[in-house]
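Input: a single structure, listed below in structure tokens.
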Amino acid sequence: MLMTYALAVIGIGFVAGYLYLKKMFKAGSPLFAVGYMVYSKTSLGSYYHQKNIKAAKEKHPDGHSVVEAQEFQDYKIQPIPLVADNYAYLIIEKSSNTGILVDPSDAATVQVYVDEANVTISAILTTHKHWDHSGGNTELKKVHQDARVYGNSNDGVPGITHHVNDKDEFKIGNLQFTALFTPGHTVGHTAFVLEGSPKCVFTGDLLFVGGCGRMFEGTAPIMLSSINKIADLPGDTIIWPGHEYAKDNLDFAQHIDPNNEDVKSKLAWVKEKRKDSHMTIPSTVAEEKTYNPFLRTDSDAIMEAVGIKTKEGEDQMAARSRAFAELRACKDKYNYVL
Ligand SMILES: [Zn+2]
């Protein structure tokens, strides 16, 4: 009898402890903040990333998605599926066979694509410090010693050789790039625009198909102004994001904006693609503006959905920032992706 009682107390203790820890580790909680700091600022984060790479390779030996390269007149973009749902990119300038890597966080997998393309890597562009974007820099730099590593120094990107600020322009081979300082997800998050025809933008964890990144190190006004830098690019600019999150994002878009026909048709298309794990990237700026709620905080539908009304005399951007904050909070509760 006493034994049964003791076991029941231990059982209840375990459940209560588990629920307490789960709550404590929730985004925004003090323990989450500590965990995030350890992940982003210490080598324990790198160790965790390597474990994630290993686990993802066991689950999907050929990568999480079936990818296809896109050919343009002067360059080719090869998406590389990494870790559980990340995308790195290999940009190849055709005339000089120069290779540029974007967020190559798994050096071994990326190297297979580099060898296959038989290109010389001249640069690594790093959107932000998180290990699932920057975790391959040091290893790749050992192999491609002349490669320049671009990023924003506020983020402490590993192996950085070239610090970039907002609107900095630089050339790699014959390709022209512009850095856009886009903080919010991290303090130094940077998107890279390839000034080709058409333009391409590598958005890291700022903007995804149908969604945006979490605001780990910034407020809603900061994140919104970063996202507006992408919205201000020409409509035919091609968006290459850092994750395969379209399905989760558009599920949420449908929940928040149920009468939007563009959301419905994009979600149906994404579901079809994901049935056999095909990539849902890229998209364009004009396309995203039709279904991505985070680019539509100026629409009545989104303002109403999050219950925000412009106050008398309130600046439009201030009202949009409040709507953005509410929208991001709703998304965090609806389905949690980083
Ligand atoms: Zn990130």
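Overall, the chain carries a charge dipole of about 1080 debye about its Cα centre when +1 sits on the Cβ of Lys and Arg and -1 on the Cβ of Asp and Glu, all other atoms neutral.
Mean separation of Cα pairs under 8 Å and 6 or more residues apart, divided by the residue count, gives region 70-334 a relative contact order of 12 percent.
Put simply, the convex hull of the Cα atoms in the chain casts, on average, a shadow of 20.6 nm². When the Cα positions of Asn165, Leu295, Asn154 are compared along the charge dipole of the chain, Asn154 comes out farthest toward the positive end, with charges on each C-beta of Lys, Arg, Asp and Glu.
For region 141-190, relative contact order (Cα pairs under 8 Å, six or more residues apart, normalised by length) works out to 30 percent.
Within the shell of other residues whose beta carbon sits under 11 angstrom from the beta carbon of Gly307, the net charge comes to 0, with Lys and Arg scored +1 and Asp and Glu -1.
Considering only Gly196, Gly63, Gly242, the Gaussian network model of the chain with Cα springs below 10 Å gives its largest mean-square fluctuation to Gly196. Taking a sphere under 15 Å around the Cβ of Val114 and counting the other residues whose Cβ falls inside, with K and R at +1 and D and E at -1, yields a net charge of -4. Heavy-atom surface analysis with a 1.4 Å probe gives region 70-334 a carbon and sulfur content of 47 percent of its accessible area. Report, in whole Å, the centroid distance computed from the Cα atoms of region 40-95 and region 286-338. What the calculation gives is 30 Å, centre to centre.
Dipole of the chain computed with +1 at Lys/Arg Cβ and -1 at Asp/Glu Cβ about the Cα centre; of His49, Pro234, Met317, farthest Cα towards the positive end is His49. Counting Lys and Arg as +1 and Asp and Glu as -1 over every other residue whose Cβ lies under 12 Å from the Cβ of Lys264, the net charge comes to -2. Going down the list Lys247/Lys331; Lys129/Lys167; Lys273/Lys333; Lys57/Lys266; Lys264/Lys333; Lys129/Lys229, which pairs span over 24 Å between their C-alpha atoms? In this structure, Lys273/Lys333; Lys57/Lys266 lie more than 24 Å apart at Cα.
The values are calculated or read from the model by the stated rules, or taken from the named source; none is laboratory data. Bear in mind that the values here come from a model prediction, so they are computed numbers and not experimental data. Cβ sites come from the backbone with ideal geometry, for glycine too, and all protein chains shown count toward neighbours. Surface accessibility is based on the protein's heavy atoms, side chains included, excluding ligands, DNA and RNA. Shrake-Rupley method; radii C 1.70, N 1.55, O 1.52, S 1.80 Å.
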